[in-house]
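Notes for the one structure printed next.
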Amino acid sequence: MKSKIFNVPNTLSLIRVFLAPLVLLFLSLRIDKPISFLPDVSWGDAIAAIVFIVAALTDTFDGYIARRDHLVTNLGKFIDPLADKVLVVAAMLALIELDRVPAWIVMVIITREFVVTGLRLVAAAEGVVIAASKGGKLKTVCQIIALIMLILKIPYGMAVMWVAMILTVWSGMDYLIKGSKIITRSEER
């Protein structure tokens, strides 16, 4: 009998994990030869952007397929958000090195991810599932758009990253407010 653990959605999430270092690699290699029809974009940036976009699209499809085909597994619940974070952080780290995004903005975004993940862990220990909010999904979409713009040096990419950072903080606060009863609950019952 074939295991349901390695289904299509989980495979897509795992692919996203393995594509993340490629984004970092292509941005770091600095293949500086410009593309003739995009003179400000190097081949390294273009390849990194393509890999990043493909990886980001796997996030859309894995969730859709998992829900549609009833293939939600504990591995998927674990690997999907992890894959998202690995992809976004890999791109951000490379963009810090390339001076396209300030390190402090990346630190704010990463801190929010740790806080929300910690809250979810505490909630899970209490038997409570904290699902992704609309604000959390919106911040992810905005981060991805900002990162693509910054990778490809599209004007106003940093402005979109500011919006993404604001949405990141806002959605993080929303999770904390909604989860405050869980994290302030006493151990004694």
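Averaged per residue, the stretch 97-189 has 61 square angstrom of accessible surface, using a 1.4 angstrom probe with ligands and nucleic acids left out.
Pairs over the 22 Å Cα-Cα cut-off, from the set K33/K153; K33/K139; K77/K139; K85/K139: K33/K139. Between the Cα long axis of helix 134-151 and the first principal axis of the chain there is an angle of about 20°, rounded to the nearest 10. When the chain is treated as a Gaussian network with alpha carbon springs shorter than 10 Å, the biggest mean-square fluctuation among M165, M92, M173 belongs to M173. Taking a sphere under 12 Å around the Cβ of E113 and counting the other residues whose Cβ falls inside, with K and R at +1 and D and E at -1, yields a net charge of +3.
If you add up the charges near D59, with Lys and Arg at +1 and Asp and Glu at -1, over every other residue whose beta carbon is less than 12 angstrom from its beta carbon, what do you get? Computed value for this residue: 0. With the helix formula -39500 (n - 2.57) applied to DSSP H stretches of n ≥ 4, the chain reaches a computed 222 nm mean residue ellipticity of -25500 deg cm²/dmol. To the nearest ten degrees, helix 43-68 and the longest principal axis of the Cα atoms of the chain are 30 degrees apart. Calculated on the Cα set of the stretch 1-148, radius of gyration then Dmax: 16.8, 57 Å. Relative contact order of the stretch 65-189: 27 percent, from C-alpha pairs under 8 Å at least 6 residues apart in sequence.
Please find, in a Gaussian network model of the chain (springs between Cα atoms separated by less than 10 Å), the residue of L87, L147, L14 whose mean-square fluctuation is greatest. For the chain, modelled as a Gaussian network with Cα springs under 10 Å, the answer is L14. Between the stretch 22-41 and the stretch 69-140, the C-alpha centres lie 27 angstrom from each other. Potential lengthening of the chain between V115 and I96 amounts to 4.7 nm, from the contour at 0.36 nm per residue minus the alpha-carbon distance. Values of log10 I(q)/I(0) for the stretch 1-55 across q = 0.16, 0.21, 0.27, 0.28 Å⁻¹ run -0.55, -0.74, -0.96, -1.00, by the Debye formula with one identical scatterer at each alpha carbon and no solvent. Approximating the spin labels as points 7 Å out from Cα along Cα→Cβ, the L25-to-I154 distance works out to 2.5 nm. Taken about its Cα centre, the stretch 110-188 carries a charge dipole of roughly 300 debye when the Cβ of each Lys and Arg holds +1 and the Cβ of each Asp and Glu holds -1.
The values are calculated or read from the model by the stated rules, or taken from the named source; none is laboratory data. These numbers come from a predicted model, not from an experiment. So basically every Cβ, Gly included, is an ideal-geometry build from the backbone, and we count neighbours across all protein chains shown. Surface areas here come from the heavy atoms of the whole protein model, side chains and all, with no ligands, DNA or RNA. Shrake-Rupley method; radii C 1.70, N 1.55, O 1.52, S 1.80 Å.
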